[in-house]
Amino acid sequence: MGSNNQMEQLDHARARWLPPQAEEHIIAGRSWCEKLNQKFIALSALIPDLKKARKASVLEDAVKHVKDLQEKVKALEEQNMERTVESVVLIKKSHILVTDDGGSSSDENNLDES
């Protein structure tokens, strides 16, 4: 179709032939489509290096981006777990005491509380 004027004329012609329920349905459908389009625009703004703005491409790239983020989260959690284990080892080593006679012994009470 062409301009907004032509669309308005077509809408008025349809309105004369359609029952009120159908007109409400059409308006609701248009509103739903507009909201969906806005959601796609918002989603595409969140995806880095988006190459194409087609809806299928936006969804495909969004899925890839979310999977990449999940992998990064998993790697960071594993890295954090390794650091936690290293910290526990350092804390336990710091509980080793040097006795007055020059020997070393461990403080068993502190190790059991950790």
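Derivation of every value follows stated rules applied to the coordinates shown; laboratory data play no part. Treat the numbers as computed from the prediction; the structure is a model and nothing was measured. Glycine also receives a Cβ, built like all others from the backbone with ideal geometry; neighbour counts cover every protein chain displayed.
Odds and ends about this structure:
- Exposure proxy order (Cβ contacts within 10 Å, fewest to most) of 49, 61, 68: 49, 68, 61
- Here r is the Cβ-Cβ distance between residue 83 and residue 46 and R0 is 35 Å; the resulting FRET efficiency, rounded to 0.05, is 0.70.
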